[in-house]
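These notes are about the structure you will find just below.
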Amino acid sequence: MENKRIWSDEETNAFVGFMEEFVVDGQRADCGQFKPGTFEKLALKMLEAFPGCTLTAKHYKNKHKRLKEKYQYAADMLACSGFGWNHDKQCVEVDSKDVLDAWMKAHPTKFYSPGKPFPLFHRLEGIFGRDRATGAAAVSGFDAEEQVNEETEDTAVGFDESDMSPYPDNGGGPAMQGQASQSETADQRKNAQLIADAIVGVNEKWKVVEKLTQLGFGDDEVVRAILKFTESPNVYAHFWGLSDSQMIGLVRSII
């Protein structure tokens with residue numbers, strides 16, 4: 001589990017809250033999926049809420065997929081005889097081991113275990129309920145190309161999995177790795193804070209959203225550029241030393 005990052009309940013709840021906002025704002029297409037560019041906007045929202053966060057739009061897309069599969073799995077259980085919802089414990093309950101064994105035989109890929117607290121279930125219903133598949137298609141598993149080197153384990157309080165995301169791998173021995181990791185984490189937080197300040201215009205120089213808009217970039221392009229700047233703070237630092245035409249060329253090259 002080295003070089004992995006665990007999502008906190010606070011981050012997961014915030015992520016679900018932002019998805020709820022986007023559903024209300026009409027960011028879902030007719031097919032029930034989020035519209036193009038939505039995950040980039042979700043990443044920007046999360047960066048604003050958690051300035052030290054280093055996750056990308058791909059991580060959030062993967063998190064969305066996991067939550068959807070977990071919700072669908074639990075919802076399909078509740079649609080079958082022998083399963084019910086315990087409001088006090090906020091979980092799915094099953095009448096007997098025989099019922100559960102029969103279910104697991106028909107659904108060998110487990111995304112949720114009865115008895116595990118699932119307090120997000122009804123909130124996720126508002127996000128995924130309208131396009132919920134049923135039967136085997138609802139738990140078809142992950143698409144390999146959409147994975148971003150994440151792992152799960154059944155230990156997080158209130159969730160069936162702890163979400164893992166990769167941290168950069170540092171060379172050297174254990175002591176050097178620890179020192180490098182602390183230094184790198186501090187730098188990441190500092191750079192992320194600078195980007196967050198740029199988004200809200202804390203410093204006149206750092207009004208990057210306003211500048212990118214003046215240069216003619218659309219909303220989706222602005223979001224992608226900011227996320228790239230977050231990942232590559234050195235590129236962002238050079239951005240402000242360029243002429244307008246050079247800024248446009250740089251941004252075009254990274255998005």
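A short reminder: the numbers here are calculations on the coordinates, not readings from a lab. Everything numeric here is computed off the predicted structure, so don't read it as measured data. Methodologically, a virtual Cβ is constructed for each residue, glycine included, from the backbone with ideal geometry; neighbour enumeration extends over all protein chains shown.
Amide H contacts under 5 Å for residue 116: 92, restricted to partners 5 or more places along the chain or on a different chain, H placed in the peptide plane at 1.01 Å from N.
Multiplying the residue separation of residue 78 and residue 237 by 0.36 nm and subtracting their alpha-carbon distance yields 52.0 nm.
Taking amide hydrogens as placed 1.01 Å from N in the peptide plane, the amide H of residue 85 sits under 5 Å from those of 93, each at least 5 positions away in sequence or on another chain.
In the structure shown, do any of 58/105; 68/97; 35/68; 41/228; 89/110 have a Cα-Cα gap over 23 Å, and if so which? Beyond 23 Å: 58/105; 68/97. Annotation: peptides 76-82, 93-99, 63-69, ranked by per-residue average of other Cβ atoms within 10 Å with the highest first, follow the order 63-69, 76-82, 93-99.
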